[in-house]
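Working notes, structure below.
The values are calculated or read from the model by the stated rules, or taken from the named source; none is laboratory data. Bear in mind that the values here come from a model prediction, so they are computed numbers and not experimental data. Positions of Cβ are generated from backbone atoms using ideal geometry, with glycine treated the same way; all protein chains shown enter the neighbour counts. In case anyone asks, the SASA skips ligands and DNA or RNA and just uses the protein heavy atoms, side chains included. Shrake-Rupley method; radii C 1.70, N 1.55, O 1.52, S 1.80 Å.
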Amino acid sequence: MDFQLTHEQKMLQESIKKMVDRDINPILRAHDPDKPLTREATRQILDICQPFGFTGLRLPEEAGGVGVNALTFGLMKEMLPPVVSFICGGQETTAVRIYYGGTPEQRERYIPAILKGDKLGSTGSTEPNSGSDPRAIRTRAIRDGDHMVINGQKVWASNAAICDFMLVIANASEDPKGPSKLIRIIADKEDAPFVTRKTPTLGFKQGNLGEAFFDNYRAPIRNVVGGEDDASAQKVMHQTWLVQRPMMGLLAVNMAQKALDSAVQYSRERVMFGRKIGGFQLVQQLLSEISTAVTTSRLLCYYALDCIDKDINANQLSAMAKRYSIAACQKAISLAMEVHGAMGISTELGLEELYRDVRMLPIPDGTNQILTLIEGRELTGISAIR
Ligand SMILES: Cc1cc2nc3c(=O)[nH]c(=O)nc-3n(C[C@H](O)[C@H](O)[C@H](O)COP(=O)(O)OP(=O)(O)OC[C@H]3O[C@@H](n4cnc5c(N)ncnc54)[C@H](O)[C@@H]3O)c2cc1C
């Protein structure tokens, strides 16, 4: 058993860190921290991230992607500022969901354009009355000749507010009261326009989380991905979630690491009662708790990703890694703010931004409760979800 990253893995993380400091942070800093990034800035960021493969990390090389394994995916994403990770993720996850099950024509039309950032994509699953339960999806997609007519609303979708197209998860059942029959269908503004809107949120204020409205929207039948098959839509969603969950945990680790670094530095400089506060035992206790959270979270996420790579059933671990890490890192960021006294809540140091941003992470790709129930189901063989 080797807990150390290889030389190559360390170099990879280091080169991404340099790219973020040199090329991405100046773009983020040049924009109002409380306003969503423009399409231009988003595309600029994608241009910078693309040579590193971030828009196609899990796509196979023959599709123009990098085809990295789950652990490398996590190691790379850990180094991105979370808002940038969501920008790239909106592209990459949508590409993966189109590639698997997509026709050659769909792959040709969308994959290169997503990889290059020429088309901004989004995946719309969540609805006002369907979040944790995808079977409650009510957006209807009913065939009419050579079109699918879509009616419904998608909410909380990453990049929705600036997307060129959305991969919509819809219910194709003719019987609205019968069991749902989920399909994936591409709604492309190039085929016909639809309305999208930014949703203001507590954190990730520079992101473009938003909603989309479909009112008798006509999508060509060729835009149905993977056929009218409930199972394939759910399977693709499940496979992407499995890797996304520990990756989300690593985004929290990225934030908590920043908070830890800031707290350690501050405790070495700040003088109170004539002593550096880092010399007080209670401040050292805060630092050690923060550091424990960062280390255990990071290791658990790496372990879950490694299990996925080794084809070991990771349903429980993947859920545990996200739930545990985000909770631990949320607490760690709060403790790091405590080390800074009032400076912890000032906008000057950016800790309050981390505090708001990390609060966004327990929600997507499985809430804490859903993840707990997945873990319980794996342990007992009994589902308590529905
Ligand atoms: C940053 C961010 C990015 C996102 N990106 C996307 C995206 O790209 N595309 C997309 O479609 N959606 C996206 N979402 C939406 C996200 O997937 C949903 O918000 C999430 O699935 C939860 O759904 P909900 O908000 O409707 O909560 P609900 O499902 O209504 O849950 C409300 C509460 O009830 C609890 N609960 C629900 N069911 C159970 C149960 N069976 N047992 C116990 N407790 C339960 C939940 O844990 C939660 O505490 C994103 C959200 C965020 C915050």
Ser346, sole failed condition from (1) touching a helix residue (DSSP H, G or I) at 6+ places or on another chain (Cβ under 6 Å); (2) surrounded by fewer than 21 Cβ atoms within 10 Å (Cβ to Cβ): (1)
Residues being among the small types (Gly, Ala, Ser) and either exposed (fewer than 13 other Cβ atoms within 10 Å of the Cβ) or not assigned by TED's automatic domain parsing to the domain that holds Leu242 (or both) - total across region 280-304: 1
For Arg138: the one exception among (1) surrounded by fewer than 23 Cβ atoms within 10 Å (Cβ to Cβ); (2) modelled with pLDDT of 95 or more: (2)
All strands (runs of 3 or more DSSP E) inside region 86-187 with 1 or more residues being under 18 Å from the mean Cα position of the chain (by Cα) and hydroxyl-bearing (Ser, Thr, Tyr): 121-124
Subset tally (residues that are in contact with a Phe, Trp or Tyr (Cβ under 7 Å, 6 or more places away or on another chain) and closer than 30 Å to Ala384 by Cβ) for region 127-161: 4
Conditions (1) within 16 Å of the ligand (Cβ to nearest atom); (2) surrounded by 18 or more Cβ atoms within 10 Å (Cβ to Cβ); number of the one not met by Ser132: (2)
Unmet criterion (only one of (1) farther than 15 Å from Thr94 by Cβ; (2) at pLDDT 95 or above) for Lys181: (2)
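Given the options Arg184, Arg197, name the one that is open to solvent by less than 20 Å² (accessible area, probe 1.4 Å) and of a type in the set (Lys, Arg).
So the residue among Arg184, Arg197 that is open to solvent by less than 20 Å² (accessible area, probe 1.4 Å) and of a type in the set (Lys, Arg) is Arg184.
Identify the residue in region 114-129 that is open to solvent by 30 Å² or more (accessible area, probe 1.4 Å) and touching a strand residue (DSSP E or B) at 6+ places or on another chain (Cβ under 9 Å) and, among all such residues, is farthest from the ligand (Cβ to nearest atom).
Restricting attention to region 114-129, the residues satisfying the condition of being open to solvent by 30 Å² or more (accessible area, probe 1.4 Å) are 116, 118, 126, 128-129.
After this cut, where a residue has to be touching a strand residue (DSSP E or B) at 6+ places or on another chain (Cβ under 9 Å) as well, the list is 126, 128.
Working: Thr126: 4, Pro128: 8 Å.
Checked region 114-129; the qualifying residue farthest from the ligand (Cβ to nearest atom) is Pro128.
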Complete set of residues in region 188-224 that are of a type in the set (A, V, I, L, M), away from the ligand (no atom under 13 Å from the Cβ) and not in a strand (DSSP E or B): Ala192, Ile221
Conditions (1) more than 9 Å from the ligand (Cβ to nearest atom); (2) open to solvent by 50 Å² or more (accessible area, probe 1.4 Å); (3) assigned to a helix (DSSP H, G or I); number of the one not met by Thr372: (1)
